[in-house]
Amino acid sequence: MPHDADVEKVVIVGSGPAGWTAAIYAARANLRPLVFAGRPKSSPTTILPGGQLMMTTEVENYPGFPHGVTGPKLMAYFEQQAVRFGTRIVTDNGLEPDVSNADDGHSYSYQDCARVDFSRRPFVVSSEDGTEFRAHSVIIATGATANWIGLPNEQRLARMGGGVSACAVCDGALPVFRDKVLAVVGGGDSAVEEATYLTKFASKVCMIHRRDQLRASKIMAQRAMSNPKIEILWNQVVVDVLGENMITGIRLKDTISGAESDLPVGGLFAAIGHTPATAFLEGQLELDAKKYIKLRDPYRSTTSVEGVFAAGDCVDSVYRQAITAAGMGCKAALDAERWLADKGIE
Ligand code: NAP
């Protein structure tokens, strides 16, 4: 494939640990990667530039930070490191980003990738405003977004800021939740993490779990069960969210007896897993039944389309950790670099 100066060598879609790590490696290989960092959505399901770590307070398990680091700060460091080696970022006003103070926020918005066309070569990757970028190779690192219970009143109140959220770390510190009884739905590590976080503000946190055993890791489960401000309501599902403009309670159903009861709460936080952000790839890349991108070889980052690589939570439904995503981003950049070299594009 002849090298065309107008064609990007590698476009990276996504700006979590996988995307920025791919950018660091690709930039250091002189590929001048172009990153679609994404932007927050107006819907209750928010994708933030920087990915899910932007919704996390303390990250205590990322190696190299013995005293922990906040998620936003860690992502700002990733971004600064990627830009230092020549990574470019698609923004809405075309400015080259100044990321020296990225942890204090930006004065411009990053662009989402709206469409891809992998049926042509070079590939075409389009931003929301319709700008088309041509690329010899693409790395997809779009991550995953939080799931909702799916109740009409849950969605209505979430949209109107009525005390329903899928991210305790984003919203829990709001004054509206202070000194209230709050509910967290789910029994995984996220639910424990969110419940623990909310105890800083709430008078009490009720974890609502549909089974009689937490899915969370032992250490996290222990943390929830030993916290005097957390009560776990076992074998319960939320069947309705009560309140007109602001949540006043939730209706619970006992999964064993079928009995329904109302629990007065001042906030509801869904922590019931995630869905990969791959909708824009339908028909372009092979996805599995849960819409995660299928890799051709589980030890590589190769996808169903040659020259398209994938990394991070959009591929991984098992580990979903910042460190594993970063490792996969590294693999994707190395795979892309080798693939480009094989094609004579350096
Ligand atoms: P998860 O492990 O998939 O847990 C989801 C929880 O939500 C499960 O308890 C599940 O119930 C429940 N659930 C799912 N759909 C539901 C529904 N419609 N109604 C009610 N409950 C529902 O997801 P996660 O907690 O987000 O964790 C994802 C991954 O990230 C895990 O590998 C986890 O270890 C990791 N993680 C780690 C940390 C940490 O170590 N600090 C923090 C957060 C996440 P069932 O149990 O009945 O299936």
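The values are calculated or read from the model by the stated rules, or taken from the named source; none is laboratory data. Note that the structure is a prediction, hence the values are computed from the model and not measured. Here the Cβ positions follow ideal geometry from the backbone for every residue, glycine too, while neighbour counts run over all protein chains shown. Side chains included, ligands, DNA and RNA excluded: accessible areas come from the protein's heavy atoms. Shrake-Rupley method; radii C 1.70, N 1.55, O 1.52, S 1.80 Å.
Taking the Cα atoms of segment 148-270, the ratio Rg/Rh between the radius of gyration and the Kirkwood radius comes to 0.94. Counting only protein heavy atoms and a probe of 1.4 Å, the accessible surface of the chain is 49% carbon and sulfur.
Each residue was assigned an accessible area with a 1.4 Å probe, and for SER257 the value is about 80 Å².
Multiplying the sequence separation of VAL176 and ARG159 by 0.36 nm and subtracting their Cα-Cα distance, what value in nm do you get? Intermediate results must be reported in sequence, preceding the final value.
Details: separation 17, 0.36 × 17 = 6.12 nm, distance 1.55 nm.
Roughly 4.6 nm would be gained on extension.
Projected label points at PHE65 and MET246, each 7 Å from Cα along the beta carbon direction, are separated by 3.4 nanometres. What the Cβ-Cβ distance of GLN222 and ALA279 gives, at R0 = 51 Å and to the nearest 0.05, is a FRET efficiency of 0.85. Simple rule: put +1 on each Lys or Arg Cβ and -1 on each Asp or Glu Cβ in segment 148-270, find the dipole, and look at VAL184, CYS170, GLN236; the Cα lying farthest toward the positive end is CYS170.
How much mean residue ellipticity at 222 nm does the chain get from its helices, if each DSSP H run of length 4 or more adds -39500 (n - 2.57) and you divide by all residues, to the nearest 500 deg cm²/dmol?
-7000 deg cm²/dmol
Averaging the sequence gap over all C-alpha pairs within less than 8 Å and six or more residues apart, then dividing by the number of residues, gives segment 301-346 a relative contact order of 39 percent. Across every pair of non-identical alpha carbons in the chain, the mean reciprocal distance, once inverted, gives a Kirkwood radius of 21.1 Å. Evaluating 6.51 cos²θ - 1.76 cosθ + 1.60 at θ = phi - 60° for every residue in segment 249-256, the Karplus couplings come out as x, 10, 9, 10, 10, 6, 6, 9 Hz, glycine and proline recorded as x.
Here the simple spin-label model places points 7 Å from the Cα toward Cβ, and for SER317 and THR131 these points are separated by 3.6 nm. In the chain, a dipole from Cβ-located charges (positive for Lys and Arg, negative for Asp and Glu) runs towards its positive end, and of TRP148, THR199, GLY283 it is THR199 whose Cα lies farthest in that direction.
Sorted by accessible area (1.4 Å probe), largest first, how do GLU132, GLU244, GLU282, GLU337 line up? Intermediate results must be reported in sequence, preceding the final value.
On the way: GLU132 120, GLU244 140, GLU282 95, GLU337 70 Å².
I get GLU244, GLU132, GLU282, GLU337, largest accessible area first.
Tell me which DSSP H helices of the chain clear both cut-offs, 24 Å or more of axial length from alpha-carbon atoms and a mean Kyte-Doolittle hydropathy of at least -0.5.
Details: long enough: 322-342 (30 Å, 0.37).
Length and hydropathy pass: 322-342.
In percent, what relative contact order does segment 148-270 have, based on Cα pairs under 8 Å that are 6 or more apart in sequence? Provide the component values of the computation, followed by the final result.
Details: 272 pairs, mean separation 37.0, N = 123.
For segment 148-270, the relative contact order is 30 percent.
Residues in the chain average 47 Å² of solvent-accessible surface per residue, probe 1.4 Å, ligands and nucleic acids excluded.
If you restrict to DSSP beta bridges whose two residues both lie in segment 148-270, what percentage is antiparallel, to the nearest 5? Intermediate values should be presented prior to the final figure.
Details: 11 of 26 bridges.
About 40 percent, rounded to the nearest 5.
Evaluate the charge dipole of the chain about its Cα centre and quote only its size in Debye, nearest 20, assuming +1 on the Cβ of each Lys and Arg and -1 on the Cβ of each Asp and Glu.
Details: 35 positive and 40 negative charges, 118 e Å.
Roughly 560 debye, rounded to the nearest 20.
Under a Cβ-only charge scheme (Lys and Arg +1, Asp and Glu -1), can you give me the dipole magnitude of segment 296-346 about the Cα centre, in debye to the nearest 20?
Details: 6 positive and 8 negative charges, 22 e Å.
That gives segment 296-346 a dipole magnitude of about 100 debye.
With an 8 Å Cα cut-off and a minimum separation of 6 or more residues, compute the relative contact order for the chain in percent. Show your work: numbers first, answer last.
Working: 810 pairs, mean separation 70.0, N = 346.
20 percent.
Partners of LYS253 within straight-line reach, counting lysines whose Cα lies under 25 Å from its Cα and excluding those fewer than 8 residues away in the same chain: LYS180, LYS204, LYS229. Once all protein chains are placed together, GLU58 keeps about 90 Å² accessible to a 1.4 angstrom probe.
Hydrodynamic radius of segment 106-145 by the Kirkwood approach over all distinct alpha-carbon pairs: 11.3 Å. May I ask which residue of LEU252, ILE24, SER301 lies farthest towards the positive end of the charge dipole of the chain, with charges of +1 (Lys, Arg) and -1 (Asp, Glu) on Cβ and the Cα centre as origin? The Cα lying farthest towards the positive end belongs to LEU252.
May I ask for the equivalent-ellipsoid semi-axes of segment 213-346, computed as the square root of five times each C-alpha gyration tensor eigenvalue and listed largest first in whole Å?
On the way: eigenvalues 371, 65, 34 Å².
Ellipsoid semi-axes (Å, largest first): 43, 18, 13.
Rounded to the nearest 20, the size of the Cβ-charge dipole of segment 190-321 about its Cα centre is 440 debye, with Lys and Arg at +1 and Asp and Glu at -1.
Express as a percent, rounded to the nearest 5, the fraction of DSSP beta bridges in the chain (both residues included) that run antiparallel. Roughly 50 percent of the beta bridges in the chain run antiparallel, per DSSP.
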